Amino acid sequence: MRVHVPFRHPESIFDLYRRSMLTFSCLPFDQLTPYELYKIMALRQEVFVVEQNCPYLDADGKDLTSWHLLGSDPQGNLICYTRLLPKGLAYPEYVSIGRVVSSPAARGTGAGKILMQRSIDMCRHLFGGEPIKIGAQSYLLRFYEGFGFRSTGEEYLEDGIPHTKMILEVSG
C-alpha cells in the first residue's frame, strides 16, 4: 500500500516542492521492491559510509518495522530519503525520523527541506500527534530548529560524529 498525503505547507515550501518535481512514496519495509531497497541502501552508504568516512552497521534491524519515505526525481533516481520509526522502536516514548539523507547531487536544491517537512507530515499521518525525537548531527541543529525541533542539550558521539537529541512536539 503506497501512502499519499496531501502536501500542506507554507507557500514558499510548496513552491519549492512544485519546482523540484520530486515525487514521494512512503512504504513499509515489506512493500519495498528490491530495486527501491537497493537504491535506499546505496544512497545511505554513499553518504553515511563513503562521504562521511564512517563505517557502521547500517542493517540495525529497525528497517523491518519502519516506514520508508523516498523522494525521487522524474527519471526515478532516489534523491532523498528518511526512515520513519514508530513509537518505541528508537526511543521508548517517541516516534522518530532517522537516516535523513539527500544525494550529494541534490545539495543546495532545497530537497532536504522538502524531505524533512514531508517526513514530519508523514509521521503525523502514520502515528498521530506523537512527539518526534531525533538524533541530529550537531552541525545541523539550525536546520532542524527551522522545523520546530528543540535541542535537549544531550550531545554525544555516534560512530565518531557529534550528535544532539532533539524533540518536536507535534500537535494534530
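What follows is calculated from the coordinates using simple rules that are stated; it is not laboratory data. For clarity, every value in this text was computed on a predicted model and none was experimentally measured. Here the Cβ is made from the backbone with ideal geometry for all residues, glycine too, and neighbour counts use every protein chain on show.
Taking the Cα centre of segment 11-168 as origin, work out the dipole magnitude from +1 charges on Lys and Arg Cβ and -1 charges on Asp and Glu Cβ, in debye rounded to 20.
340 debye
Report the one residue of Tyr94, Tyr38, Met122 whose Cα lies farthest in the direction of the positive end of the charge dipole of the chain (charges on C-beta: Lys and Arg +1, Asp and Glu -1; origin at the Cα centre).
Met122
Quick one: longest stretch of the chain between exposed loop trypsin sites (Lys or Arg not before Pro), exposed meaning at most 11 other C-beta atoms within 10 Å and loop per DSSP?
9-106
Which one, Ala90, Ala42, Ala59, has the greatest fluctuation when you compute a Gaussian network model over the chain with C-alpha springs under 10 angstrom?
Ala59
Report the calculated FRET efficiency for His125 and Thr152 (r = Cβ-Cβ distance, R0 = 22 Å), to the nearest 0.05.
Result of the calculation: an efficiency of 0.30.
Length gain on complete extension for the stretch Lys62 to Thr23, per 0.36 nm per residue less the alpha carbon to alpha carbon distance?
11.6 nm
For every helix of n ≥ 4 consecutive DSSP H residues, a contribution of -39,500 (n - 2.57) applies; sum these over the chain, divide by its total residues, and give [θ] at 222 nm rounded to the nearest 500 deg cm²/dmol.
After summing the helix terms and dividing by residue count, I get -7500 deg cm²/dmol.
Just need the relative contact order of segment 11-168 here, percent rounded to a whole number, with Cα pairs under 8 Å and 6+ apart.
Computed value for segment 11-168: 19 percent relative contact order.
Pick out the long, greasy-scoring helices in the chain: whole DSSP H runs spanning 30 Å or more along their own axis by Cα, mean Kyte-Doolittle at least -0.5. Intermediate results must be reported in sequence, preceding the final value.
Numbers: long enough: none.
Result, helices passing both filters: zero.
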